[in-house]
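S.K.: Sending over a structure as C-alpha cells; questions will come in a sec.
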Amino acid sequence: MPQTVTPATPASTTDRVVDGPTPKHAQLREILRRAIERELPPGSPIPSERDLAERYQVSRLTVRSAIGKLVEEGLLTRARGKGTFTATRRMELQLYLMSFTDDMRRRGLTPATELLHCGSEAPPPETAGALGLAPRQPAYRLVRRRRADGVPLAVERGWYHPRRVPGLPDLDLTSSLYDQLAQHYDLRLDHARQTVRSEAADRETARLLGIRAGDPLLVFRRVSSASGVPVEDMTSWYRGDRYEVTMQLDRTVPAEHGGNP
C-alpha cells in the first residue's frame, strides 16, 4: 500500500490558512495545489479530511470544498473505499497521422498491443460508404487493446477494405499495423479525416481499460486513405483520465467563406 504523503510543515503564511478576505477553502486549495505540483508524484494518497482539518485548523467542510475543486480540475482523483490520490498526469494527444506504437516510443514508453478480434464481417452502412464498399460486402474487422508501460490506454475497433489488405488476419497484428501495411501491401496512409467526441465508457470498454463504467473517454473516428484510396475506418476509445487533446489553431479562413473575418 502506498504511504500517505503529508505536505510539508507550514513555514510561512502562504502555507497556513488564516482569517482574511480570501475564503479558507480557497487558501487550503492553493496550499494543496502547491504540494501536488511540487512534492507529490502521481498516484500519491493525500491525508484524510480529518487529518487536513486538524493540521490546518479548519472545518472538514472547508477541506471537502477544497478537495472537491481540485478533483474537478483533474489534480486529484477519488477512489471509493480507498481515499483521494494525486491524479496521473495526462498525456498530450496531438492530432496527426501516426501509429500508436510510434507515438508511445516517441514518448519514451514501451507500447504493447493485444489482438482481441480479427475476422471478416459486414460493416455498418456508414463504414461501407466510407470505404467504398457495396452494401453488406464483408470487410475485415479488427479489435485491439493498446498499452503503454503495461497500462491499458485505448481500445481500437477498426474496419479495413478487403481488397486493399487481402490476408490481413495472417499478419502480426500485435505490432504496428501501419508498418505492416507498408511492408506487405506497400500502403502508406497519407491522408485521414478524423472526428473527436466525448463518451461515457460502456461496461465492455470499461472492463478492457480497467476503469469504471461511465468514466469519461475521448473517442476518435478516423477514415484513412493511401494515395486517395480509402483503406481504414477506425474508432479509438482513449481513457479520459490519461489524455488531453492539443490543437494548433491559425487564423485562416476556408476559401469558400470568401476570406472575410
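S.K.: Looking only at the stretch 30-77, which residues are of a type in the set (D, E, K, R) and either in a loop (DSSP other than H, G, I, E, B) or closer than 23 Å to Arg242 by Cα (or both)?
M.R.: At the first step, the residues of the stretch 30-77 found to be of a type in the set (D, E, K, R) are 30, 33-34, 37-39, 49-51, 54-55, 60, 64, 69, 72-73.
Across the stretch 30-77, the qualifying residues are Arg33, Arg34, Glu37, Arg38, Glu39, Lys69, Glu72, Glu73.
S.K.: If you go through the stretch 221-261, how many residues are modelled with pLDDT under 90, buried (at least 19 other Cβ atoms within 10 Å of the Cβ) and more than 24 Å from Leu76 (Cβ to Cβ)?
M.R.: If we filter the stretch 221-261 for residues that are modelled with pLDDT under 90, which is where we start, we get 238-261.
Add one more test, that the residue is buried (at least 19 other Cβ atoms within 10 Å of the Cβ), and what stays is 238-240, 242.
Pick out the ones that are also more than 24 Å from Leu76 (Cβ to Cβ) and you get none.
Residues flagged as modelled with pLDDT under 90, buried (at least 19 other Cβ atoms within 10 Å of the Cβ) and more than 24 Å from Leu76 (Cβ to Cβ) within the stretch 221-261 amount to 0.
S.K.: Could you run through the stretch 169-190 and say how many residues are assigned to a loop (DSSP other than H, G, I, E, B) and acidic (Asp, Glu)?
M.R.: Keep residues of the stretch 169-190 that are assigned to a loop (DSSP other than H, G, I, E, B), which gives 171-176, 186-190.
Now narrow it down to the ones that are acidic (Asp, Glu): 172, 186, 190.
Number satisfying all stated conditions: 3.
S.K.: Please determine, by comparing only the residues of the stretch 113-125 that are within 23 Å of Leu208 (Cβ to Cβ) and free of Cβ contacts under 8 Å to residues at least 60 places away in the same chain, which one is surrounded by the most Cβ atoms within 10 Å (Cβ to Cβ). Write out each step before concluding.
M.R.: Here is the first cut: in the stretch 113-125, the ones within 23 Å of Leu208 (Cβ to Cβ) are 113-121, 123-124.
Imposing the further condition that a residue be free of Cβ contacts under 8 Å to residues at least 60 places away in the same chain reduces the set to 115, 117-121, 124.
Numbers: Leu115: 13, His117: 12, Cys118: 17, Gly119: 11, Ser120: 11, Glu121: 11, Pro124: 11.
Per the stated criteria, the residue is Cys118.
The values are calculated or read from the model by the stated rules, or taken from the named source; none is laboratory data. Bear in mind the structure is a predicted one, so any value in this text is a computation, not a measurement. Every residue, glycine as well, gets a Cβ built from its backbone with ideal geometry; the counts of neighbours run over all protein chains shown.
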